[in-house]
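**Student:** Would you mind keeping the following structure in view while I ask a few things?
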Amino acid sequence: MNQAQSIPIHRSNDNSIGHRGKAGAFGTTFGDHMFSQDFDGDQGWSEAGIHPLNGIRLHPAASVLHYGQEIFEGLKAYRRADGEVCLFRAIENCRRFNRSAARMAMPEVDENFHLQALCELVALDKDWVPSEPGSSLYLRPAMIATSPRLGLAASTQYKHFIISSPVAAYFGDGHSPLSVLVSDHHRRAVKGGVGEAKTGGNYAASLQVSEAASRNGFDQVLWLDAIEGKYIEEVGAMNICFVYDNEKIVTPALSGSILEGITRDSILKLAPHLGLYIEESRLAITEVLDDIDSGRITEVFGCGTAAVVSPVGTLTYKGEAHTVNNNMPGRVTRLIHREITNIQYGEVDDPYGWITLVK
């Protein structure tokens, strides 16, 4: 497959605009259409097309239901100030999708064809891209193993699909600092495992702790490494950054158990152009908390596609709360958020080649 291949499109018969383009609770409203294609070990990829959103029929023995062989991605389409619609660094999502596929013993997809499918789906459902400030059309590519077999082995059949959902800002106004619980006993992923793959098991493993934290008034959970239980990895489903002395952004180095975030990478590339230093290193939780208490760490924020950047106001570890920047969003956090979203929404020129216009 290549980018020039035609993708058959079957349009929905529903011509009413209705609530299209209205951003609701994250991921609860869906666009009219979806893309899908099927893989067979003997025939390769086939049956690619865009068609009205519908259910997926699976045999009760489908491998995804028993052994969790699946992957997904998350990216957004933005309605720009000039009325055009664009994607942000979408080819990087396509590449990461294939890295996840390789780790989960699944077939890779043609990256240019995947990008083409994203663009054509968004073009067809352009009315679903909201225009409210901070809103966007969230896109969810996924691949699931569909072979009906109960023996433990990689599937020989797969379905690759893309759906969409109009969303508002993930954390409300995006600037209310989060209260974060540092998990002292449970771990998200282990080095050598599948922590760097975007696969559902990583997130399912976090739910028990996240739900308990929410019941106790926390917004997110900070995860430590699974081997020593002392080094910082991710916060919720986001990468995390620490600002030292108002001028240096430090983020945990990729270790094999940390997802290689596209927003994280964007910040690392963008920061030097904003007069900020960057560093990737191993960060011990006790040292970080000491630096917060001393004022050396002036800001903390999570970063990811859903929220872009979200300031952290408190970190609670072993029952003791540590407050960051008087529980207020800082200058660097606001600057990074503004610079990235200005590019995404077409408020400024894109000097990095990150934007794909949807024609």
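The values are calculated or read from the model by the stated rules, or taken from the named source; none is laboratory data. Given the structure is predicted, the values throughout are model-derived calculations rather than measurements. All Cβ positions, even for glycine, are placed from backbone atoms using ideal geometry, and neighbour counts span all protein chains on display. Remember, those area values only see protein heavy atoms, side chains included, never the ligands or the DNA or RNA. Shrake-Rupley method; radii C 1.70, N 1.55, O 1.52, S 1.80 Å.
**Student:** Using the Cα centre of the chain as the reference point, and only Cβ charges (+1 on K/R, -1 on D/E), how large is the resulting charge dipole? Debye, rounded to the nearest 20.
**Tutor:** In total the dipole reaches around 480 debye.
**Student:** Additional query: Quick one: what are the phi-derived ³J(HN,Hα) couplings along the stretch 199-206, Karplus 6.51/-1.76/1.60 with θ = phi - 60°, whole Hz, x for glycine and proline?
**Tutor:** 10, x, x, 4, 7, 4, 5, 8
**Student:** Relative contact order, percent, of the chain when contacts are C-alpha pairs under 8 Å separated by at least 6 residues?
**Tutor:** Answer for the chain is 19 percent.
**Student:** First compute the accessible area of the chain with a 1.4 Å probe, then give the percent of it belonging to carbon and sulfur atoms.
**Tutor:** Carbon and sulfur: 48 percent of the exposed surface of the chain.
**Student:** Work out the charge dipole of the chain with +1 on the Cβ of Lys and Arg and -1 on the Cβ of Asp and Glu about the Cα centre, then indicate which of 300, 67, 55 is farthest towards its positive end.
**Tutor:** Checking the options against the dipole of the chain, the answer is 55.
**Student:** Label points 7 Å out from Cα along the Cβ direction at residue 61 and residue 132: separation in nm?
**Tutor:** 4.7
**Student:** Diagonalise the Cα gyration tensor of the chain and give the resulting equivalent ellipsoid semi-axes, square root of 5 times each eigenvalue, largest first, whole Å.
**Tutor:** Ellipsoid semi-axes (Å, largest first): 34, 25, 18.
**Student:** Quick one: which residues, 5+ away or cross-chain, put their amide H under 5 Å from the amide H of residue 34? H built at 1.01 Å from N.
**Tutor:** 51, 53
**Student:** Separate question: May I ask you to work out the translational diffusion coefficient for the stretch 123-168 at 25 °C, viscosity 0.890 mPa s, via Stokes-Einstein with Rh from the Kirkwood sum over Cα pairs, reported in whole µm²/s?
**Tutor:** The diffusion coefficient I find is 187 µm²/s.
**Student:** Enter the Cα centre distance for the pair the stretch 82-120 and the stretch 287-359, rounded to the nearest angstrom.
**Tutor:** 25
**Student:** I'd like to know how the stretch 33-169 sits against the 2.2 N^0.38 Å rule of thumb: what's its Cα Rg over that expected value?
**Tutor:** 1.10
**Student:** Multiply the residue separation of residue 38 and residue 156 by 0.36 nm, subtract the distance between their alpha-carbon atoms, and state the gained length in nm to one decimal.
**Tutor:** Full extension of this stretch gives 41.4 nm more.
**Student:** What is the distance, in nm, between label points placed 7 Å from the Cα along the Cα-to-Cβ direction at residue 102 and at residue 84?
**Tutor:** Result for the modelled spin labels: 3.2 nm.
**Student:** A follow-up question, please. Say each of residue 149 and residue 185 gets a label point 7 Å from the Cα, pointing the same way as Cα to Cβ; how far apart are those two points in nm?
**Tutor:** Here the modelled spin labels are 3.9 nm apart.
**Student:** To one decimal place, what orientation-averaged projected area in nm² is obtained for the convex hull of the Cα set of the stretch 25-84?
**Tutor:** In nm², the orientation-averaged hull projection of the stretch 25-84 is 6.7.
**Student:** Give me the percent of Cα-Cα pairs in the stretch 178-345 that sit more than 30 Å apart, rounded to a whole number.
**Tutor:** Percentage above 30 Å: 10.
**Student:** Sticking with this structure for a sec: Expressed in nm to one decimal, what extension gain is obtained for the pair residue 273 and residue 5 from 0.36 nm per residue of sequence separation less their Cα-Cα distance?
**Tutor:** Working it through step by step, the gained length comes to 92.7 nm.
**Student:** Hey, what number do you get for the chain at 222 nm if only DSSP H runs of n ≥ 4 count, each worth -39500 (n - 2.57), divided across all residues, to the nearest 500?
**Tutor:** It comes out at -6500 deg cm²/dmol, rounded to the nearest 500.
**Student:** Oh, and also: Determine which residues of the stretch 304-343 fall in the zone a paramagnetic label at residue 286 would reach in this model, i.e. backbone nitrogen under 20 Å from the point 7 Å along Cα→Cβ.
**Tutor:** Flagged as within label range: 315-323.
**Student:** To continue, here is another question. How much length is gained if the chain between residue 293 and residue 359 is pulled fully straight, taking 0.36 nm per residue apart and subtracting their Cα-Cα distance, in nm to one decimal?
**Tutor:** Stretched out fully, the residue 293 to residue 359 stretch lengthens by 18.7 nm.
**Student:** In sequence order, what are the phi-derived ³J(HN,Hα) couplings for the stretch 347-359 according to the Karplus relation 6.51 cos²θ - 1.76 cosθ + 1.60 with θ = phi - 60°, rounded to whole Hz, with x for glycine and proline?
**Tutor:** 6, 9, 5, 9, x, 9, x, 8, 9, 10, 6, 8, 9
**Student:** Moving to a separate point now. Percent relative contact order of the stretch 247-338, based on C-alpha pairs within less than 8 angstrom and at least six residues apart?
**Tutor:** 26
**Student:** For the stretch 100-106, what does the Karplus curve 6.51 cos²θ - 1.76 cosθ + 1.60, with θ = phi - 60°, yield as ³J(HN,Hα) per residue in whole Hz, taken in order and with x for Gly and Pro?
**Tutor:** In residue order, the calculated couplings are 5, 4, 4, 5, 9, 6, 10 Hz.
**Student:** I've got another one for you. Can you pick out the pairs among 76/230; 126/191; 76/269 whose Cα atoms lie more than 31 Å from each other?
**Tutor:** As for pairs spanning more than 31 Å Cα to Cα, those are 76/230; 126/191.
**Student:** Ok, one more. Can you give me the C-alpha center-to-center distance between the stretch 266-281 and the stretch 183-238, rounded to a whole angstrom?
**Tutor:** After rounding, the separation between the Cα centres reads 25 Å.
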